[in-house]
Amino acid sequence: ALRVSAVAEADKTAAINKSGTSSVPATTKDIENKLRYLFGRNEVSTPNDAYQGTAWSVRERLIDAFNKTHEHWKKEDPKFIYYLSAEFLMGRSLTNTVFNLGLQGDYATALKELGQKMEQVAEAERDAALGNGGLGRLAACFLDSMATLDLPGWGYGIRYKYGMFKQALKDGYQQELPDIWLTSGNPWEVRRDDVRHMVGFGGRVERRREAGGREVAVWTPAEQVIAQAYDNPIPGYSTPTTSNLRLWDALPLSEFDLAAFNAGDYDRAMLARERAEAISAVLYPNDSTPEGKELRLKQQYFFVCASLQDVLSRFKATHGSARWDLLPSKAVFQLNDTHPTIAVAELMRLLVDVEGLEWDEAWGITTKCLNYTNHTVMPEALEKWPVKVMAKMLPRHMEIIEVINEGWTQWLSAHLASELPAPEERAKRIAAMSIIHENPWNKEEMLVNMAYLAVVGSSAVNGVAAIHSNIVKDEIFNDFYKIFPSKFQNKTNGVTPRRWLAWCNPELADLITQQLGSDAWINDTEQLTALRTHASDPAFQQRWAAVKSAKKERLAGLIKRVWGEEVNTAALFDIQIKRIHEYKRQYLNVLSIIWRYKQLKRMSPQQRLQAVPRVCVIGGKAASAYDMAKRIIRLVTAVGSVINADPDTRDYLRLYFLPDYNVSLAETIIPAAELSQHISTAGTEASGTSNMKFALNGCLIIGTWDGANIEIAEETGVENVFVFGVRAEDINGLRKERKNFKTDPRWDEIMRDIEGGMFGDKEYFKPLVDSVNNMKVGNDWFLLANDFAAYLDAQQQVDECYRDQAEWLRRSIMYTAGSGKFSSDRTIRQYAEDIWHVGPCRPPPAAGGQQ
Ligand code: GPW
């Protein structure tokens with residue numbers, strides 16, 4: 001008999017206890033059966049049991065939708081989008097799948113019958129964390145939008161065995177733990193045993209003459225591995241379309257080296273296997289600072305090579321091997337940053353060496369098929385691979401890149417002849433635009449500039465927010481822009497309104513739906529603008545505030561679980577969650593919290609009663625080798641433990657670091673946030689996407705004039721945003737003038753406090769203090785001191801605004817109302833129209849289905 005939790009009423013218990021009778025609805029039965037036959041468990045007794053049974057049951061509905069979509073796409077043969085990305089930060093799938101497929105009624109009722117709550121059951125799922133941060137999550141939002149818009153398109157990436165590390169705190173310091181996410185199986189993937197490709201590395205290249213006299217390059221790799229496909233169905237919302245994310249797992253050619261095995265050398269017998277499996281073993285945990293390790297290049301080539309072979313073999317199966325000219329009308333690839341840029345050389349290799357096309361024809365096809373999205377302008381973040389490393393691992397690709405670069409520089413020389421007639425001038429410009437160039441820090445070493453290779457090899461190059469795309473055009477790729485102005489575009493990022501409002505904040509979603517009279521805003525977010533007319537309506541404001549309060553209570557519960565402390569839920573909830581990076585300036589946030597603390601300390605108890613209470617939350621991971629970022633985390637926890645324990649101030653100010661920030665934690669934190677911080681040095685944050693998620697959930701922004709903050713301010717009303725700080729165009733000048741910069745006395749005081757050990761650990765914090773304090777050129781690179789006073793002023797304005805709750809709520813509503821533009825549906829429509837030239841292809845509705 002079933003054990004049923006106390007919440008189930010007695011009559012239901014009776015019905016369920018007649019196990020095997022028809023009174024148990026089909027879905028309930030299915031959940032139980034999945035648990036019974038896949039896990040050998042006879043009763044649904046924990047949320048985890050319920051999760052496993054539910055997920056494996058939902059999987060079948062998902063696969064049905066997937067099969068119907070792909071049957072249709074095969075028949076119609078539309079042009080396809082292939083989104084190549086080293087990262088897909090999917091998070092959890094259960095809620096999203098159930099809601100996107102329109103199955104929430106079925107499963108919510110079935111789970112209730114089993115004494116379980118959908119929300120709790122969903123929390124038993126582990127995040128799929130195959131990405132670092134914004135770039136990987138953007139890829140995930142894009143898949144949701146492509147499917148929702150019925151665009152034929154797949155994601156292609158790596159099935160990392162270990163995703164983003166789990167972060168724990170040990171004595172306030174970050175500790176990294178492996179993310180073992182596949183242990184209890186993954187219901188959201190289907191292994192395709194019939195889809196495998198060989199990927200080679202190293203070895204040598206020889207020339208051979210073919211019968212017709214044509215010279216061909218023959219690459220004999222020293223090492224080969226198998227790329228094994230796993231498909232992850234991607235359900236669109238409110239459509240039968242279910243698309244695909246195909247991830248590659250690396251397998252050895254043979255289980256073990258038989259000769260070594262037979263000779264009894266078991267260690268050696270396993271070596272090749274370990275080398276192969278290492279390729280898809282772990283995600284590099286670096287965000288915006290590339291890891292120059294050979295294994296990382298191996299990962300990049302591994303997934304690009306498998307993906308291109310996969311696409312080309314399907315193309316050949318439909319169109320034969322004689323019509324490669326048709327490829328650009330059937331396939332378009334989007335390179336998510338430079339990580340998949342080896343695709344330029346790989347597509348050339350497949351077309352020229354394998355398919356026998358002439359170089360020029362292949363080049364025409366390659367450049368028509370590829371497009372490149374840039375996500376950063378920070379020079380240290382742009383990928384460059386030593387020619388030596390590339391030549392050893394990918395000898396044929398290095399040759400191909402050299403030929404591409406020869407053609408490119410020759411073309412440039414001719415093109416620039418009239419503009420730069422002086423040979424030295426011209427040579428200088430060509431050197432500055434060469435794909436292969438000297439390492440400026442080590443003249444002995446030559447580098448392949450992956451961004452330049454991507455720009456030369458692509459039809460379109462885009463940035464991810466208006467200001468960023470302008471910096472791309474006017475600064476980092478200006479020489480290229482002057483030659484190919486029409487190649488450069490902007491595609492401002494977006495986020496999926498399904499996960500980031502409708503599913504993570506159903507209470508606010510319901511309120512919006514009631515107010516607007518329909519839920520059509522979920523796939524037409526421009527309709528949210530109609531909320532503007534209600535922004536000042538006191539009755540609506542009260543309902544709006546009630547939702548925010550409920551979400552704050554929930555976050556307070558989480559803080560209680562993590563830190564064991566109660567927080568005042570009437571306080572202003574002030575949040576900064578993102579990867580820890582010097583350019584994102586979590587340090588500046590901490591400095592302002594220290595200043596707030598000091599001011600509170602100086603007040604009389606009577607004066608303190610007038611203060612606006614705040615609960616500050618900071619969360620984010622530091623790359624394992626990013627020393628400064630780890631020190632910043634320790635500063636947050638050290639400052640937190642001092643101020644949270646201070647009886648004078650603890651009613652007015654708290655600071656908590658929430659460990660292991662990830663997609664699921666974001667889904668809890670964002671709906672509860674009242675103020676969110678996006679305070680990067682102007683010109684450094686390409687776009688930011690959490691700013692959009694906060695705005696969508698009615699959270700006010702304190703931020704710099706950077707990335708998508710600017711466009712959010714335009715849509716929301718700049719008077720509703722707490723904007724501060726220097727502008728991007730002034731950064732270079734200010735960096736040069738650091739010698740003459742006079743720091744604010746409040747800044748000096750805080751620096752003395754940290755150095756003097758007010759928060760303990762003074763040796764450990766010294767490099768942090770030094771990094772911003774020595775007024776010489778190059779120090780305080782991210783200009784914290786320059787923005788400090790303006791930031792404190794903006795924080796003052798935040799307090800004043802919060803005192804006027806009607807004004808605060810009006811602004812809060814205006815943020816949601818102004819979020820229409822930031823749906824990834826809008827972004828994807830623009831990519832489809834301006835770059836991909838791909839249209840929708842919707843399968844017929846499923847018989848008896850919802851849509
Ligand atoms: F450096 N971004 C990221 F450009 O999350 F490659 N990881 C990265 O490695 C890079 C960029 C890279 C982020 C940007 O920092 C953020 O501003 C942007 O919103 C996001 O990519 C999506 O475009």
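The values are calculated or read from the model by the stated rules, or taken from the named source; none is laboratory data. Given the structure is predicted, the values throughout are model-derived calculations rather than measurements. Here the Cβ is made from the backbone with ideal geometry for all residues, glycine too, and neighbour counts use every protein chain on show.
Pick out, from segment 528-613, the helices (runs of 4 or more DSSP H) lying fully within it that include 3 or more residues that are assigned by TED's automatic domain parsing to the domain that holds Arg746, farther than 24 Å from Ser664 by Cα and of a type in the set (A, V, I, L, M, F, W, C).
Ranges flagged: 586-602.
Please specify each residue of segment 147-171 satisfying the condition of being within 16 Å of the ligand (Cβ to nearest atom), buried (at least 24 other Cβ atoms within 10 Å of the Cβ) and not in a strand (DSSP E or B).
Result: Tyr160, Gly163, Met164.
Just one of the numbered conditions (1) within 16 Å of the ligand (Cβ to nearest atom); (2) without any contact (Cβ under 8 Å) to a residue 40 or more places away in the chain is not true of Pro421; which one?
Failing condition for Pro421: (1).
Can you confirm whether segment 828-841 contains a residue that is in a loop (DSSP other than H, G, I, E, B) and either under 16 Å from Asn720 (Cα atoms) or more than 30 Å from the chain's Cα centre (by Cα) (or both)?
No: zero hits.
Would you please list the contacts, defined by Cβ atoms under 8 Å and residues six or more apart or on different chains, that run from a residue in segment 689-702 that is in the same structural domain as Ile669 (by TED's automatic domain parsing) and of a type in the set (Ser, Thr, Tyr) to a residue that is away from the ligand (no atom under 13 Å from the Cβ) and in a helix (DSSP H, G or I)?
These pairs meet every condition: Ser690/Ala666; Ser690/Ile670.
If you take the residues of segment 670-723 that are among the hydrophobic types (A, V, I, L, M, F, W, C) and touching a Pro at 6+ places or on another chain (Cβ under 9 Å), which of them is nearest to the ligand (Cβ to nearest atom)?
Leu696
Answer with yes or no whether Asp231 is among the acidic types (Asp, Glu), more than 23 Å from the chain's Cα centre (by Cα) and either more than 23 Å from Val344 (Cβ to Cβ) or modelled with pLDDT of 95 or more (or both).
no
Output the residue which, of all residues in segment 333-391 that are part of a helix (DSSP H, G or I) and polar (S, T, N, Q), is surrounded by the fewest Cβ atoms within 10 Å (Cβ to Cβ).
Within segment 333-391, the match that is surrounded by the fewest Cβ atoms within 10 Å (Cβ to Cβ) is Thr367.
Against the condition in a helix (DSSP H, G or I), modelled with pLDDT of 95 or more, in contact with an Asp or Glu (Cβ under 7 Å, 6 or more places away or on another chain) and not polar (S, T, N, Q), how does Arg498 come out, does it pass?
yes
If you go through segment 430-440 one residue at a time, do you hit one that is over 22 Å from Leu382 (Cα atoms) and not polar (S, T, N, Q)?
No, there is no match, as no residue in segment 430-440 is over 22 Å from Leu382 (Cα atoms) and not polar (S, T, N, Q).
Among the aliphatic types (A, V, I, L, M), part of a loop (DSSP other than H, G, I, E, B) and modelled with pLDDT of 95 or more, is that true of Ala666?
It is false that Ala666 is among the aliphatic types (A, V, I, L, M), part of a loop (DSSP other than H, G, I, E, B) and modelled with pLDDT of 95 or more.
Only residues that are of a type in the set (Val, Ile, Thr) and not assigned by TED's automatic domain parsing to the domain that holds Gly236: list them for segment 120-163, please.
Val121 - this is the single residue of segment 120-163 that is of a type in the set (Val, Ile, Thr) and not assigned by TED's automatic domain parsing to the domain that holds Gly236.
List the residue pairs whose Cβ atoms are under 6 Å apart, where the first residue sits in segment 627-652 and is farther than 27 Å from Gln610 by Cα, the second is in a helix (DSSP H, G or I) and modelled with pLDDT of 95 or more, and the two are 6 or more positions apart or on different chains.
Within 6 Å, the pairs are Met628/Glu582; Arg631/Leu768; Ile632/Gln586; Ile632/Tyr587; Leu635/Val590.
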